[in-house]
Amino acid sequence: MTTTNEAYSLEIKRTFHAMPRQVYQAWIDPKMRLQWSVPCHEKMTCTACSIDPRIGGQYAVTMHNDENGEDYIAVGEFKEMIEDKKLVFTWSWKDRLNLAQDTLCTIELKLSEDGKQTHMVFTHVGFPDESSHDDHMKGWNGCLSSLDYFLNK
């Protein structure tokens, strides 16, 4: 069961120079996700990614810290999928119980009025404490900057 702690949640808004389809696919296509899903390209590499893009489908993303050699594996399950518009999935850290467990991410995508950009609202709820919230805020901002760079290559 997924629990949420509203006291420790985050919301990030971004605009991408890409169509909603491209942004949506970047989240659910493992080949695309491998290219951007790390918070800091200077220090980390996404080394493995498996995604079963359907409601109830599982995902696992391995982020390797190039400086200390440690792997961080994020795992979860898709709860809601509206093609090119919305993704809802759980988020936990495998083998790192001191980090966020059983949290919930929601991504909402909307085409801009000019039809050339996608507005995204990313929310992540259920952090156990302020430290976990702050670490994830930094990490997600880094990942979304990587996504922006990937979409504009």
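Values quoted throughout were computed directly from the atomic coordinates according to the rules given, and no laboratory measurement underlies them. Just so it is clear, the model here is predicted, and its values are computed rather than measured. For neighbour counting, all protein chains shown are included, and Cβ atoms are generated from backbone atoms with ideal geometry for every residue, glycine included.
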A correct fewest-to-most ranking of 31, 86 by other Cβ atoms within 10 Å would be 31, 86
With the dipole of region 3-153 defined by +1 on each Lys or Arg Cβ and -1 on each Asp or Glu Cβ, the option from 128, 73, 146 whose Cα lies farthest towards the positive pole is 146
The residues 134, 114, sorted from fewest to most surrounding Cβ atoms within 10 Å, come out as 114, 134
Rg/Rh over Cα atoms for region 20-88, Kirkwood Rh, comes to 1.01
Computed over region 9-151, the relative contact order (Cα-Cα under 8 Å, seq sep at least six) in percent reads 29
Debye calc, one equal point scatterer per Cα of the chain, no solvent, log10 I(q)/I(0) at q = 0.10, 0.13, 0.21 1/Å comes to -0.32, -0.56, -1.57
Net charge near residue 148 (other residues with Cβ under 14 Å of its Cβ; Lys, Arg +1; Asp, Glu -1) is +3
